[in-house]
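**Q** Starting off with a structure, shown below.
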Amino acid sequence: MRKWIKSGTPWIWMTGGAVSISLIAVIGLFILIGWRGLSFFWPGSVYEFDMLDKQGGHYTLIGEIYDVETVSTEQLIDAGISGLEGKPETLERYLIKIGNREYVDLDFQWVLETIISATSKPKDIVVFERSKNGNFYGYIEDILQQGRSVNVEQTSFKEQLQIRLARADALKNQQLELLNGEISSINFALEKIRLKKRKLDLEGLLNEQNILELNAQNEKLTDKYLALEEQLFSYRKQAQRDSVVVRDMTGREVTLPLSELIDFYLPNDMSFSAKVQHWLHQAGKFVSDDPREANTEGGVFPAIFGTVFMVMLMAVMVTPFGVVAAIYLHEYAGKNNLTKFIRIAVINLAGVPSIVYGVFGLGFFVYIIGGSIDQLFYPEALPAPTFGSPGVLWSALTLAILTLPVVIVSTEEGLSRIPSSLREGSLALGATKSETLWRIVVPMASPAIMTGLILAVARAAGEVAPLMLVGVVKMAPALPVDANFPFLHLDRKFMHLGFHIYDVGFQSPNVEAARPLVYATSFLLVTVIIGLNLAAIAIRNNLREKYRALEH
C-alpha cells in the first residue's frame, strides 16, 4: 500500500477524478441553463380553470401553468389561509400566468389546488403576443375592418386573422424602414447642419452667406422630412385598419388592434410538428428582435451585437499592446530590478477587481481623454458631450487594460518556448535581430498569442461591473454601426448580454415573467463566448500546424 502511494498513482487518479467532476459540473450546468432557457419558447398548453371563490361561487381563470410546488397544509394555515381543516398534510399550488396585464392586478398568480373545481384545455383558446402589456388569452369573437365586422365564419377566423396580421406586419416593417432609413439620415444631417452653424459662430466665421446656405439646406431637408412624416402617418393609419374582438376569462369582449399584435397561436390545437416550428420561430425572434416591456419581452439582438462588437474592438486593441510589451520584456529588456518590478506589476494587475478598472476607465478615459477630445474637436456640441461620456470605445479600452496581463503572460511563455538555436541560426545567416524577431520568432509564437487572446475574449465577454460605468445601458437607442457617416459610432452607448442578464434578473418590475429570459440570455451569452473561442482556437490550431516543422 505504501509503495502504491509513493508511486504517485493515487494522485493521478485524484487529479483525473477532479477533472472529470469539473467537466461533469460544467456540462451539467450548461445543459440545465440551456434546458430552462430554450424550453421558454415551447408553446405550453393553456388551461381554463373553474375556480371557487370565498363565498362558494364560481369564476373562470385562463392561463398557462408556469410552476408547481408542494407545500404543507400546516404552513398554509399558519400563513392565514382558512378552509384547509381536514385537508391532506401537503397540497399542491400552481403558478399560473394569466396575461391580460391591463385588466388584472397580477398576471402571475399562485393558486391552491383546493379552489380548483375543474380544469379543461379548450382547443379554441388563442394566445396573442402583443407589443405591449404582454400576452392576451381568450377566444376570438369577431374580426373588424375599420370598426365593422367582416362577417366571416368562425372556422375561418384563424386564416383571416393570419392574412390581416401579415398585412399589418408589412406596414409596420415599412414604418421601421422609413424611421431607420431616410428619416434617421435626415435627422443626422439636420444635426450636422446645426453643429456646423454653431462651429462657424464659435470661430467667428459665421456670415450672412453661410447662414443663407445652411438655412437653405435646412429647409430642403425639413421639407423632405415632412413629406416622409406624412408617409409614415399614412402607414400607421393603414396598419390600424383591422382589429380582432376577443372574449377574455371574465366574459368581457376586448378589441385588440392588429397593429399592436406581433403573433398569435392556438397552443391546444397544435400538432407536435407545429409546436416545433413555433419553437424555432420564437427562438429566431429572440435572437433577431429588439427588446420590449423593460426587457422582459422581445429579443436581444442589440445586446448580442453590442457584446460581439465590443469584444472584437477590445481584441484589436489589446493584442498589439500585449504582444509588443511581451516582446520588449522577453527580447530587449535587461534582467534587472526594474524588469522584475514590471513583471510583478503585470501579475498584480491580473488580480485587481474589475470594478476598479471601471472606475479608472470612467475617470481617465471618459472624463480626461474624452473631455479633452470634446474640447479640441467637438466644441460646437458642448455642453452635450460627444466622447466625454461613456461609450463603446471607452468600454473596449477599459477591458483591453483589464485583459492586457493575460496576453502579455501568454505571449512571453510562447516566446520562451522557441529554441534559441533558431534565433542563432537566423543571425548566423545574416538576418538582423528585428528581422529574426518579426519573421521567425513572432510567427512561431503566434499560437501562444492566440491562447492569450482566447483567454482575454472569454473574460471580457463575461464582464459586467466595469461596463456599467463606461458604456453599457439598459436600452440603447441605436446600434454603434449604421448607414450614417462615419458608419462606426464609437461614442455611442451599447447593450451587453451580461448586463441584460443582471437587469432582467434583478431590476425587472415583473420577476416571474423575467425569470425564463435570464436562463435564455445566459445560455445565449455562453454560446456566444464558446463561438468566439472556437473561432480563435481554430486559428490557433492552424498556426500551430503551420509552424510545427520549425520547432523540430
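**Q** Give the residues of the range 1-45 that are out of contact with any helix residue (DSSP H, G or I) (no Cβ under 7 Å at 6 or more places or on another chain) and either small (Gly, Ala, Ser) or not in a helix (DSSP H, G or I) (or both), sorted by residue number.
**A** Selection gives Met1, Ser7, Gly8, Gly16, Gly17, Ala18, Ser20, Ser22, Ala25, Gly28, Ser39.
**Q** If I filter the range 61-110 down to residues being out of contact with any strand residue (DSSP E or B) (no Cβ under 8 Å at 6 or more places or on another chain) and of a type in the set (Asp, Glu), which single residue comes out as nearest to Phe41 (Cα to Cα)?
**A** In this case the residue turns out to be Glu102.
**Q** If a residue must be at pLDDT 85 or above and more than 40 Å from the chain's Cα centre (by Cα), how many such residues does the range 409-427 contain?
**A** Number of matching residues: 1.
**Q** Are there any strands (runs of 3 or more DSSP E) wholly within the range 93-139 with 1 or more residues that are within 32 Å of the chain's Cα centre (by Cα), and if so which?
**A** Correct list: 108-112, 126-130.
**Q** Now for a separate question. Would a scan of the range 147-155 turn up a residue that is assigned to a helix (DSSP H, G or I) and over 16 Å from Ala239 (Cα atoms)?
**A** Yes, the range 147-155 contains at least one residue that is assigned to a helix (DSSP H, G or I) and over 16 Å from Ala239 (Cα atoms).
**Q** Looking at (1) at pLDDT 85 or above; (2) in contact with a strand residue (DSSP E or B) (Cβ under 7 Å, 6 or more places away or on another chain); (3) within 24 Å of Asn295 (Cα to Cα), which is the one condition that is false for Ile116?
**A** Among (1) at pLDDT 85 or above; (2) in contact with a strand residue (DSSP E or B) (Cβ under 7 Å, 6 or more places away or on another chain); (3) within 24 Å of Asn295 (Cα to Cα), Ile116 violates only (3).
**Q** Kindly list, by first and then second residue, each pair from a residue in the range 340-360 that is touching a residue at least 40 places away in the same chain (Cβ under 8 Å) and hydrophobic (A, V, I, L, M, F, W, C) to a residue that is assigned to a helix (DSSP H, G or I) and surrounded by 16 or more Cβ atoms within 10 Å (Cβ to Cβ), limited to pairs with Cβ atoms under 6 Å and residues at least 6 apart or on different chains.
**A** Matching pairs, first to second residue: Val346/Pro405; Val346/Ile408; Leu349/Pro405; Ala350/Pro405.
For every residue, the table says whether it meets (1) β-branched (Val, Ile, Thr); (2) within 26 Å of the chain's Cα centre (by Cα); (3) under 22 Å from Ser522 (Cα atoms).
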residue	(1), (2), (3)
Leu23	no, no, yes
Met51	no, no, no
Gly56	no, no, no
Tyr66	no, yes, yes
Leu76	no, no, no
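**Q** Next up: Can you tell me which of Gln175, Gln240, Gln209, Gln231 is polar (S, T, N, Q), closer than 29 Å to Gly147 by Cβ and out of contact with any helix residue (DSSP H, G or I) (no Cβ under 6 Å at 6 or more places or on another chain)?
**A** So the residue among Gln175, Gln240, Gln209, Gln231 that is polar (S, T, N, Q), closer than 29 Å to Gly147 by Cβ and out of contact with any helix residue (DSSP H, G or I) (no Cβ under 6 Å at 6 or more places or on another chain) is Gln231.
**Q** If you don't mind, another one. Return the residues of the range 193-222 that are without any contact (Cβ under 8 Å) to a residue 60 or more places away in the chain, among the hydrophobic types (A, V, I, L, M, F, W, C) and outside any loop (DSSP other than H, G, I, E, B); say none if nothing qualifies.
**A** If the condition is that a residue be without any contact (Cβ under 8 Å) to a residue 60 or more places away in the chain, among the hydrophobic types (A, V, I, L, M, F, W, C) and outside any loop (DSSP other than H, G, I, E, B), then Ile193, Leu200, Ile211, Leu212, Leu214, Ala216, Leu221 are the ones that fit.
**Q** Then there's this: Do we have any residue at all in the range 156-174 that's among the polar types (S, T, N, Q), part of a helix (DSSP H, G or I) and under 23 Å from Ser234 (Cβ atoms)?
**A** Yes, some residue in the range 156-174 is among the polar types (S, T, N, Q), part of a helix (DSSP H, G or I) and under 23 Å from Ser234 (Cβ atoms).
**Q** Within the range 431-469, restricting attention to residues that are buried (at least 23 other Cβ atoms within 10 Å of the Cβ) and outside any helix (DSSP H, G or I), which residue is farthest from the chain's Cα centre (by Cα)?
**A** Only one residue tops the list, namely Pro466.
**Q** Another question, then. Is there any pair with a first residue in the range 106-125 that is on the phi < 0 side of the Ramachandran plot and a second that is surrounded by 13 or more Cβ atoms within 10 Å (Cβ to Cβ) and assigned to a helix (DSSP H, G or I) whose Cβ atoms are under 6 Å apart and which are 6 or more apart or on different chains, and what are they?
**A** As it stands, the answer is Asp107/Arg101; Phe108/Glu512; Lys121/Asn268; Lys123/Asn268; Lys123/Asp269; Ile125/Asn268, since those pairs meet every condition given.
**Q** Taking into account only those residues within the range 46-60 that are at pLDDT 90 or above and either part of a loop (DSSP other than H, G, I, E, B) or among the hydrophobic types (A, V, I, L, M, F, W, C) (or both), which is farthest from His281 (Cα to Cα)?
**A** Phe49
**Q** Now a separate question. Restricting attention to the range 349-388, report how many residues are closer than 27 Å to Asp201 by Cβ and not aromatic (Phe, Trp, Tyr).
**A** Number satisfying all stated conditions: 17.
**Q** While we're looking at this one, here's another question. Does any residue of the range 475-493 turn out to be crowded, with 23+ Cβ neighbours inside 10 Å and on the phi > 0 side of the Ramachandran plot?
**A** Checking the range 475-493: not a single residue is crowded, with 23+ Cβ neighbours inside 10 Å and on the phi > 0 side of the Ramachandran plot.
**Q** Is it the case, given these coordinates, that Phe305 is closer than 30 Å to Gln154 by Cβ, of a type in the set (Phe, Trp, Tyr), surrounded by 14 or more Cβ atoms within 10 Å (Cβ to Cβ) and modelled with pLDDT of 90 or more?
**A** no
**Q** On to the next question. Only one of (1) surrounded by 16 or more Cβ atoms within 10 Å (Cβ to Cβ); (2) touching a helix residue (DSSP H, G or I) at 6+ places or on another chain (Cβ under 6 Å) is not met by Lys121, so which one is it?
**A** With respect to (1) surrounded by 16 or more Cβ atoms within 10 Å (Cβ to Cβ); (2) touching a helix residue (DSSP H, G or I) at 6+ places or on another chain (Cβ under 6 Å), Lys121 is out only on (1).
**Q** Which of the strands (runs of 3 or more DSSP E) contained wholly in the range 236-300 include at least 1 residues that are surrounded by fewer than 17 Cβ atoms within 10 Å (Cβ to Cβ), at pLDDT 90 or above and aromatic (Phe, Trp, Tyr)?
**A** none
The values are calculated or read from the model by the stated rules, or taken from the named source; none is laboratory data. These figures come from a predicted structure and were not determined experimentally. Positions of Cβ are backbone-derived with ideal geometry, glycine not excepted, and every protein chain shown enters the neighbour counts.
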